[in-house]
Each structure stands twice: as C-alpha cells, then as structure tokens.
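Here the structure is laid out as structure tokens; the discussion comes afterwards.
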Amino acid sequence: MISVRMRAELKGLHVSGAERLIEEGSLKQVVQELLRRPKAYDKLVITVEKVEKVFLIPKALTIYSYDFKCVEDARAFALEKLEEVGIKRELGQKALELLDKGPNPRGGNMRGAVLMDVQTGERLEPDKERGIRTVRVDWKDRKAIKQALLKRGIKRKYLNRLMDALALATKNVHCGVLAELCWSDDEDYTTGYVASNLGYIRINPLKELGKPIGGRVYFVKREDLENLIECLESKAVLIEALT
Ligand code: COA
Ligand code: AMP
C-alpha cells in the first residue's frame, strides 16, 4: 500500500495536515482530494511512500458524546473519566493545566503530543517543543465510515475532524497508550476528548471558544517507551469499522 501525507503552512505556521493509506490505483484521486483540504497556504508538501506491511484493527474505539454548560464542568468530567482508567487525579489535573496554558515550554502549541509517565507525571517525549506524532493510520473504507457517522447524527462539518481524531486515538490505544486527553488548537472548535480502552469520549466544551491553544497528552508507562514511540510513528494501521 501507499502512505500519502499532506501538510500545509501559512506564514511559517502549520495550518493543515492529513494522511491516507491507500492502494496505488487511487493515488491520483487521493492527492487531488488532499490538495483541496487546506483553506489557505503558501507552502504545501505531499509525501508519497510505499508501505510494506499494514496491520488491521477490526473495530475503532466506541464513541460517546457529552455536553456541559461550562468548561469547568466538562473538565471535571474529563478528570473522572481519566480516573476510571487509573490515571491519578493529580496527573489528570496536571495534563489539563498543561493544555490550558499551552504545552510547549517556549509557550503555545506543540507539533505533536506530550508523553506523560502514568506513575510520576514526568514528561517523557524526547523533544518537548515537537512531541510525538501518531502517523500512518487510516480507515479501510472512508466512504462507508462517513456514511455510518452521518447516520449516527454527526454533523457533516465535523466529519473529517472526528474521523481523523478517532482513527488516531484508536491507533494510540492499540500501541499501548493508556489514556489520551485532547482538545484542538483551532479557536473555533471546543469539543475535546478522553480516549482509552473504555472508548472515545467526546466532551464539550473542554476549552473556551476563541482560544487558539490545545494539544494532546498521552498517558504512558515508561517501560518499553522506545517500542511505543516506534509503534505510534511507524506502524501502518488500517481500521476496518466503527463499534
Ligand atoms: N503539527 C505541526 N507541525 C507539523 C505537523 C503537525 N501535526 N505535522 C508536520 N508538521 C511540520 C513540522 O514542522 C515537522 O517537523 P518536525 O518533525 O520537526 O516537527 C514537519 O512538518 C515535517 O513533518 P513530518 O513528520 O515529516 O510530516 P509527515 O509528512 O509525516 O506528515 C502529518 C504528518 C501532517 C500527516 C500529521 O502530522 C497529520 O497532520 N496527520 C493527520 C491528521 C491528524 O490525524 N490530525 C490529528 C488531529 S484530528
Ligand atoms: P488539532 O486537533 O489538529 O488541533 O491538534 C491539536 C494538537 O495535537 C496540536 O496542537 C498538536 O500538539 C497535536 N497533534 C497534531 N497532530 C498530531 C498527531 N498526528 N499526533 C499527535 N499529536 C498531534
């Protein structure tokens, strides 16, 4: 199969990223589709790479959605959900504070995720401005998944975002991430999530509207960190169906 990855920049800032794992025959069509994805850019890079082995995950994490009247209540719920999978309250709190102020030590967003030691709360990602990115993950049949999500009442304007984030979170759990806390750095998008083997729990609003700060915290065991990072970055994974 082929890994196709697109990233776009505007005035030196990353503004859009997307990827696909596809058969060679649909390369032209997929490249055209990815070219249309960013609204505006002054630089766009598409990488096309052959992939030898692809691992199949039969089912994505189960989706749940919860709405709250304010960020405070939504974050309290996120902490509860993290505790249910064994993340100590003080570590959940630390992750919330990190994403709230911006997890990049130089201020603002990172280019990937924080890896947080589930025992000590220490940050384990080798480069704390970059973080670790989960890549080489896609749906086996995107069209079918889109239709299924529309049928479940997901609004069309949120489809791409939900599909990308659910695929990413499903791969993370497969690789051994115990739990993930995320909200977007897009100032217009306030729905974040807690993901773990209990499911993909969408929570709104995890941040205030208009705030361009977000990120991801992966709670991980420090043993076997090398294999975990290798899996997140390099293992090619296709997800077959929704749960
Ligand atoms: N955020 C910020 N900068 C990014 C980035 C991201 N998500 N992805 C790439 N870049 C920039 C960085 O400057 C990076 O350099 P670095 O490695 O020093 O950070 C540079 O582009 C090259 O990145 P590379 O890892 O070679 O890109 P890639 O070709 O493997 O593509 C993407 C990675 C763009 C496909 C991936 O980041 C992505 O966006 N995935 C799909 C969408 C997704 O799942 N998003 C999650 C939210 S729903
Ligand atoms: P987004 O949901 O696209 O707004 O991304 C929110 C944050 O997640 C970004 O600020 C990055 O820190 C991080 N991020 C983006 N892409 C990835 C990825 N592929 N893997 C892990 N973290 C990512």
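Quick one: how many residues across region 194-204 are touching a strand residue (DSSP E or B) at 6+ places or on another chain (Cβ under 8 Å), away from ligand 1 (no atom under 14 Å from the Cβ) and not polar (S, T, N, Q)? If you could, list the steps in order and put the result at the bottom.
Here is the first cut: in region 194-204, the ones touching a strand residue (DSSP E or B) at 6+ places or on another chain (Cβ under 8 Å) are 194-196, 199-204.
Add one more test, that the residue is away from ligand 1 (no atom under 14 Å from the Cβ), and what stays is 194, 196, 199, 201, 203-204.
Subsequent filtering for residues that are not polar (S, T, N, Q) retains 194, 199, 201, 203.
Within region 194-204, residues that are touching a strand residue (DSSP E or B) at 6+ places or on another chain (Cβ under 8 Å), away from ligand 1 (no atom under 14 Å from the Cβ) and not polar (S, T, N, Q) number 4.
Condition first: outside any loop (DSSP other than H, G, I, E, B), touching a residue at least 24 places away in the same chain (Cβ under 8 Å) and exposed (fewer than 15 other Cβ atoms within 10 Å of the Cβ). Now tell me which residues in region 96-116 satisfy that. Show your work before the answer.
Start the filter on region 96-116 by keeping residues that are outside any loop (DSSP other than H, G, I, E, B), which leaves 96-101, 113-116.
Now drop any that are not touching a residue at least 24 places away in the same chain (Cβ under 8 Å), which leaves 96, 98-101, 113-116.
Passing the criteria: only Lys101.
When you scan region 221-231, do you find a residue that is surrounded by 19 or more Cβ atoms within 10 Å (Cβ to Cβ), in contact with a Leu (Cβ under 9 Å, 6 or more places away or on another chain) and assigned by TED's automatic domain parsing to the domain that holds Gly86, even just one? So that I can check it myself, show each step before the final result.
Looking only at region 221-231, we keep the residues that are surrounded by 19 or more Cβ atoms within 10 Å (Cβ to Cβ), and these are 228, 231.
Adding the requirement that they be in contact with a Leu (Cβ under 9 Å, 6 or more places away or on another chain) leaves 228.
With the extra rule that they be assigned by TED's automatic domain parsing to the domain that holds Gly86, the set shrinks to 228.
For region 221-231, residues surrounded by 19 or more Cβ atoms within 10 Å (Cβ to Cβ), in contact with a Leu (Cβ under 9 Å, 6 or more places away or on another chain) and assigned by TED's automatic domain parsing to the domain that holds Gly86: present.
What about Val71, is it within 21 Å of the chain's Cα centre (by Cα) and β-branched (Val, Ile, Thr)?
Numbers: within 21 Å of the chain's Cα centre (by Cα): yes; β-branched (Val, Ile, Thr): yes.
Criteria met by Val71.
Checking the structure you have, find out if any residue of region 125-133 is open to solvent by less than 70 Å² (accessible area, probe 1.4 Å), of a type in the set (Gly, Ala, Ser) and within 13 Å of ligand 2 (Cβ to nearest atom).
Yes, some residue in region 125-133 is open to solvent by less than 70 Å² (accessible area, probe 1.4 Å), of a type in the set (Gly, Ala, Ser) and within 13 Å of ligand 2 (Cβ to nearest atom).
Only one of Gln119, Gln93, Gln147 is more than 15 Å from ligand 2 (Cβ to nearest atom), free of Cβ contacts under 8 Å to residues at least 12 places away in the same chain and among the polar types (S, T, N, Q). Can you tell me which? Give the steps one after another, and end with the answer.
Values: Gln119 fails: free of Cβ contacts under 8 Å to residues at least 12 places away in the same chain; Gln93 fails: free of Cβ contacts under 8 Å to residues at least 12 places away in the same chain.
Within the list Gln119, Gln93, Gln147, the selection yields Gln147.
Output the strands (runs of 3 or more DSSP E) that fall wholly within region 11-69 and possess 2 or more residues being open to solvent by less than 50 Å² (accessible area, probe 1.4 Å), or say none. So that I can check it myself, show each step before the final result.
Working: elements: 13-22, 43-50, 55-59, 63-67.
Where strands (runs of 3 or more DSSP E) fall fully within region 11-69 and carry at least 2 residues being open to solvent by less than 50 Å² (accessible area, probe 1.4 Å), they are 13-22, 43-50.
Give the residues of region 152-193 that are touching a strand residue (DSSP E or B) at 6+ places or on another chain (Cβ under 6 Å), closer than 20 Å to Ala74 by Cα, near ligand 1 (Cβ under 10 Å from one of its atoms) and of a type in the set (Gly, Ala, Ser), sorted by residue number.
The one that is touching a strand residue (DSSP E or B) at 6+ places or on another chain (Cβ under 6 Å), closer than 20 Å to Ala74 by Cα, near ligand 1 (Cβ under 10 Å from one of its atoms) and of a type in the set (Gly, Ala, Ser): Ala169.
If you check Leu206, Leu181, Leu168, which single one turns out to be crowded, with 19+ Cβ neighbours inside 10 Å and part of a loop (DSSP other than H, G, I, E, B)? Give the steps one after another, and end with the answer.
Numbers: Leu181 fails: part of a loop (DSSP other than H, G, I, E, B); Leu168 fails: part of a loop (DSSP other than H, G, I, E, B).
That would be Leu206, the only listed residue that is crowded, with 19+ Cβ neighbours inside 10 Å and part of a loop (DSSP other than H, G, I, E, B).
I'm checking my understanding of the structure. Among residues of region 1-44 that are of a type in the set (A, V, I, L, M) and over 20 Å from Lys140 (Cβ atoms), which one is nearest to the chain's Cα centre (by Cα)? Steps first, please.
We begin by selecting, within region 1-44, every residue of a type in the set (A, V, I, L, M); these are 1-2, 4, 6, 8, 10, 13, 15, 18, 21-22, 27, 30-31, 34-35, 40, 44.
If we keep only those that are over 20 Å from Lys140 (Cβ atoms) as well, we get 8, 10, 13, 15, 35, 40, 44.
On the way: Ala8: 17, Leu10: 21, Leu13: 19, Val15: 15, Leu35: 21, Ala40: 22, Leu44: 21 Å.
Out of the qualifying residues, it is Val15.
The values are calculated or read from the model by the stated rules, or taken from the named source; none is laboratory data. Computed from a predicted model, the values in this text were never measured in an experiment. Positions of Cβ are backbone-derived with ideal geometry, glycine not excepted, and every protein chain shown enters the neighbour counts. We work out accessible area using only protein heavy atoms, side chains counted, and drop any ligands, DNA or RNA first. Shrake-Rupley method; radii C 1.70, N 1.55, O 1.52, S 1.80 Å.
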